[in-house]
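Here the structure comes first, spelled out in C-alpha cells, and everything after it is commentary.
The values are calculated or read from the model by the stated rules, or taken from the named source; none is laboratory data. Remember, predicted model here, so these are calculated numbers, not experimental data. Please note: Cβ atoms are built from the backbone with ideal geometry, for glycine as well, and neighbour counts cover all protein chains shown. Keep in mind that these areas ignore ligands, DNA and RNA; they rest on the heavy atoms of the full protein, side chains included. Shrake-Rupley method; radii C 1.70, N 1.55, O 1.52, S 1.80 Å.
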Amino acid sequence: DLRQRGGCAGLSVGTFTGTVLRARSSFYTVETPDGSLVECRLRGRAKRDRQSSDIVVIGDRVSVARQPDGSVMIEEVEPRRSRFSRRQAGPRGSWREDVMVANLDLVVAVFSCDRPPPNPRLIDRFLVVAEDNGVEATIVANKVDLVEASIPESVFGPYETIGYRVLYTAAKAGIGVDALRSHLAGRISVVAGPSGAGKSTLLNAIQPGLRLATAEVSESLGKGRHTTTAAELHRLDAGGYVADTPGIRELGLWQIPARALAWCFVEFRPYLGGCGFNDCSHLHEPRCAIRDALAVGEISEGRYDSYRRMLVGDAG
Ligand code: GDP
Ligand code: ZN
C-alpha cells in the first residue's frame, strides 16, 4: 500500500504543497495533494526562519521538494492562519509559548452529563484556553442517556446563552453522532475533555478505528505513555482532521496570563473598558463594570467565580 510507505510514494512532481500530519523530532509526515503520505526532513534554510521548537508542527502547510538523492525536504512553511499554543509561565512574569497545532479551526470540549458529573469550573477552563488562542470552541454534552432532560439544560444551556454551540450526545446509543461528524468535517479539530467523558467512544462512533493516544492513556492509567506519543493529525473520512498531541489531555490546566483572562470570558467583553481603572482586576476595585454586570445578573455567578479562581490561581 503506497499510502503507508513513505519515501517518494505519490510524488509525481518535484515540488508540492501539503499538510503536516505527524511530527517527531526532525521527521515529518506530509500529506500530498492526492492523499498519499511522504516522510520528509527539514531543510536548513527553513530551520533558520523560525524559533527552533515551533519550526514545523502538525497542521502546517509546507512546500516540499524531492532532492537529487531521492530524499524529500520541507523547503518552506506557509504563514499560519491560526496557531494553538500552550503558554508557560517563566521567570519575572515572562511567558513561553509552545505551538502545538497550526491552523487549528475548532476545540471540541467533551463533558458528560454524569459519570463523571460535569464541572462548570472545568468547562470554563477549556473555553478560556480556546478563546486565548482565538479558536472556536464547541461543547459536547455527552451521556444524555444517563440523566433527566432538565440536567443537561440547566448545566449547558447557559453556555448556549452566551454564544457557544452545544451538541447533546449519547455516544453509545449513537445520538448526536451525525451532528458531531458533520461539525468536524473539513476542519482541523482538537477533542479534549476530562477522562471518562466519552471522547474515545464518540470518536469511534464517528469513525470506527480512530483511536487517539488520549484513550490509550486513560484506559491503561499509564503515566509515561503520552510523553512518547508523537503529535499527529488523524484523517477523517468525512474530510478534516482530529489533532492529537502530547499535552492536550492537560488542556484544562493550561495557564493564561492575568491580563488576557477577562477577555477570554466572552460575555465579559462588552463591559471591558467600562471600569473606573484601566488595569481593573474586576475583583475589588470601585466602579467595576464587570461586577456591576454581575450584580444585575448579566454575568453569572458561576462564570465570575471561574474567572476569580483562574485569576488567583485557585485550581478549583
Ligand atoms: P474518554 O476517557 O473521554 O475517552 O472516555 P471513554 O470513551 O473511554 O468513555 C468512558 C466510559 O463512558 C466508557 O465506559 C464508555 O462506554 C462510557 N460512555 C461513553 N459514552 C457514553 C454515553 O453516551 N452514555 C453512557 N451511558 N456511557 C457512555
Ligand atoms: Zn473591573
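A few remarks follow.
- Matching residues, region 192-213, being closer than 23 Å to Phe84 by Cα, open to solvent by 40 Å² or more (accessible area, probe 1.4 Å) and near ligand 1 (Cβ under 8 Å from one of its atoms): Ser195, Ser200
Yes/no matrix, rows are residues, columns are (1) part of a helix (DSSP H, G or I); (2) under 26 Å from Leu253 (Cα atoms); (3) within 14 Å of ligand 2 (Cβ to nearest atom):
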| residue | (1), (2), (3) |
| --- | --- |
| Trp263 | yes, yes, yes |
| Asp279 | no, yes, yes |
| Glu298 | no, no, yes |
| Ser306 | yes, yes, no |
| Arg309 | yes, yes, no |
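- Being open to solvent by 40 Å² or more (accessible area, probe 1.4 Å) and either away from ligand 1 (no atom under 16 Å from the Cβ) or at pLDDT 95 or above (or both) is a description that does not apply to Gly157.
- Enumeration of residues in region 136-145 that are touching a residue at least 40 places away in the same chain (Cβ under 8 Å) and either surrounded by fewer than 20 Cβ atoms within 10 Å (Cβ to Cβ) or part of a strand (DSSP E or B) (or both): Thr138, Val140, Asn142
- Ser189 being assigned to a helix (DSSP H, G or I), among the hydroxyl-bearing types (Ser, Thr, Tyr) and more than 10 Å from ligand 1 (Cβ to nearest atom): no
- Any chance Pro286 is modelled with pLDDT of 85 or more, outside any helix (DSSP H, G or I) and either open to solvent by 30 Å² or more (accessible area, probe 1.4 Å) or in contact with a helix residue (DSSP H, G or I) (Cβ under 9 Å, 6 or more places away or on another chain) (or both): yes
Yes or no, residue by residue, for (1) surrounded by fewer than 23 Cβ atoms within 10 Å (Cβ to Cβ); (2) away from ligand 1 (no atom under 16 Å from the Cβ):
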{"residue": "Phe84", "(1), (2)": "no, yes"}
{"residue": "Gly90", "(1), (2)": "yes, yes"}
{"residue": "Cys113", "(1), (2)": "no, no"}
{"residue": "Glu131", "(1), (2)": "yes, yes"}
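- Counting only residues that are assigned to a strand (DSSP E or B), of a type in the set (D, E, K, R) and under 30 Å from Val155 (Cβ atoms), region 77-127 holds 2 of them.
- Within region 160-186, the set of residues being farther than 28 Å from Gly302 by Cα, within 14 Å of ligand 1 (Cβ to nearest atom) and part of a helix (DSSP H, G or I) comprises Val177, Ala179.
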